[in-house]
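Working notes, structure below.
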Amino acid sequence: MTTALITHPDCLTHVTPDGHPEQVARLRVILAALEGVNLTRTLAPMAADDDILRCHPQSYVDEIRAKSPSSGFRQLDEDTHMSSGTVAAAWRAAGGAVRAVDMVLGGEAQNAFVATRPPGHHALADAPMGFCIFGNVAIAAKHALDFHGLNRVAIVDFDVHHGNGTQALCQDDPRILTITSQQMPLWPGSGDPVDTGEFDNVVNIAFPPGADSDEFRQVYENQVFPRVQAFRPQLLLISAGFDAHRDDPLAQLNFETQDYDWVTKRLCDVADECCKGRVVSVLEGGYNLDALAASAAAHVKVLEERGR
């Protein structure tokens, strides 16, 4: 089959203030690193409001549109900013995740990588947070369930920060298993392993500062992969943050580029067993540009190999 790369130039028009870690260059270096890789390149559509409304109320959607600045920046919280291009980028980011699900479940692609921004796994139902506007992966999961009629979807989030927004948006739906690993202590301060959700469909894994490749691989082999296998999802979604890399400036884990190659292979193995290899990966964090480009390329090249 094939691997879809879903992106859009509008995602380069979401500009942040000078020195902000979630910068336009993040997407530029990823796309440059993927040049020459055999991918089905697809433009991310604008999300329909109905798709966004599966996770966010109409009042919040209207608020984001209304706050769009004609020039300069508008600060939404201590970390999250809007420019004149943010609305288009945010709707493309959510729409790209939905399109990826449609392509994979519709048989157009074996798997997909959604290279868009702003990221999404910190966005709450009615508030932006941590560089995020809409819960892109959560929107994709609920689209797969409600539109495509699936019964079980799993999300694995290996970003260094807790996917608090994804957990909040999905934990009340027993059809969704959310597994998120994160450094603790670290912003946003949530993600304690004792938090398993009302339906025992949340797995939080805490890595101490300084945790390395061996710890990462052991924990995923012992806790993550068996839990996904037991859930038997019909689609596997990945929140692909690359900021647990040893060179990332926002955290203190010591993962290596090859760890993202390894974890992608193992997640694809699980997907082969559980859901016919159907995987949708959505970009989250990663703030050292060289490490981000190398790690994202390693991740996508595995998807491309498995999508042939």
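Things to note:
- The residue list Leu267, Leu250, Leu292 contains one member that is in a helix (DSSP H, G or I), of a type in the set (A, V, I, L, M) and within 26 Å of His20 (Cβ to Cβ), which is Leu292.
- Restricted to helices (runs of 4 or more DSSP H) entirely inside the stretch 126-230, those with at least 3 residues that are buried (at least 24 other Cβ atoms within 10 Å of the Cβ) are 136-146, 164-170.
- Top-ranked residue in the stretch 35-60 [being surrounded by 19 or more Cβ atoms within 10 Å (Cβ to Cβ) and of a type in the set (Val, Ile, Thr); ranked as nearest to the chain's Cα centre (by Cα)]: Ile52
- Filter result (over 16 Å from the mean Cα position of the chain (by Cα), assigned to a helix (DSSP H, G or I) and either more than 13 Å from Asn288 (Cα to Cα) or acidic (Asp, Glu) (or both)) within the stretch 253-264: Gln258, Asp259, Asp261, Trp262
- Selected residue (criterion: surrounded by the most Cβ atoms within 10 Å (Cβ to Cβ)) from residues of the stretch 231-247 that are within 17 Å of the chain's Cα centre (by Cα) and not in a loop (DSSP other than H, G, I, E, B): Leu237
- For beta carbons closer than 6 Å, sequence separation of 6+ or different chains, a first residue in the stretch 155-179 that is in contact (Cβ under 8 Å) with a residue 12 or more places away in the chain and a second that is surrounded by fewer than 24 Cβ atoms within 10 Å (Cβ to Cβ) and among the aromatic types (Phe, Trp, Tyr), the qualifying pairs are Pro174/Phe199; Leu177/Phe231.
- Among the residues of the stretch 86-106, those that are in contact with an Asp or Glu (Cβ under 6 Å, 6 or more places away or on another chain), of a type in the set (A, V, I, L, M, F, W, C) and buried (at least 21 other Cβ atoms within 10 Å of the Cβ) comprise Ala89, Val98.
This table checks each residue for (1) small (Gly, Ala, Ser); (2) over 26 Å from Asn111 (Cβ atoms); (3) without any contact (Cβ under 8 Å) to a residue 40 or more places away in the chain; (4) in a strand (DSSP E or B).
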| residue | (1), (2), (3), (4) |
| --- | --- |
| Thr16 | no, yes, no, no |
| Gly19 | yes, yes, yes, no |
| Arg26 | no, no, no, no |
| Asp51 | no, no, no, no |
| His56 | no, yes, no, no |
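- Only one of Ala109, Ala100, Ala94, Ala123 that is out of contact with any strand residue (DSSP E or B) (no Cβ under 6 Å at 6 or more places or on another chain) and hydrophobic (A, V, I, L, M, F, W, C): Ala94
- Hey, Asp77 assigned to a loop (DSSP other than H, G, I, E, B), surrounded by fewer than 21 Cβ atoms within 10 Å (Cβ to Cβ) and charged (D, E, K, R) or not: yes
- Candidates Ala127, Ala109, Ala89 - the one that is within 17 Å of Leu12 (Cβ to Cβ), under 21 Å from the mean Cα position of the chain (by Cα), modelled with pLDDT of 95 or more and among the aliphatic types (A, V, I, L, M): Ala89
- Matching option when the condition is of a type outside the set (Asp, Glu), at pLDDT 95 or above and surrounded by 18 or more Cβ atoms within 10 Å (Cβ to Cβ), among Ser68, Ser83: Ser83
- Restricting attention to the stretch 109-125, the residues that are part of a strand (DSSP E or B) and buried (at least 24 other Cβ atoms within 10 Å of the Cβ) add up to 4.
- Residues of the stretch 28-49 that are free of Cβ contacts under 8 Å to residues at least 60 places away in the same chain and out of contact with any Leu (no Cβ under 9 Å at 6 or more places or on another chain): Glu35, Gly36, Leu43, Pro45, Met46, Ala48, Asp49.
- Whichever residue in the stretch 1-34 is among the charged types (D, E, K, R) and farther than 10 Å from Pro118 by Cα and, among such residues, is surrounded by the most Cβ atoms within 10 Å (Cβ to Cβ): Arg26
The values are calculated or read from the model by the stated rules, or taken from the named source; none is laboratory data. Just so it is clear, the model here is predicted, and its values are computed rather than measured. Cβ sites come from the backbone with ideal geometry, for glycine too, and all protein chains shown count toward neighbours.
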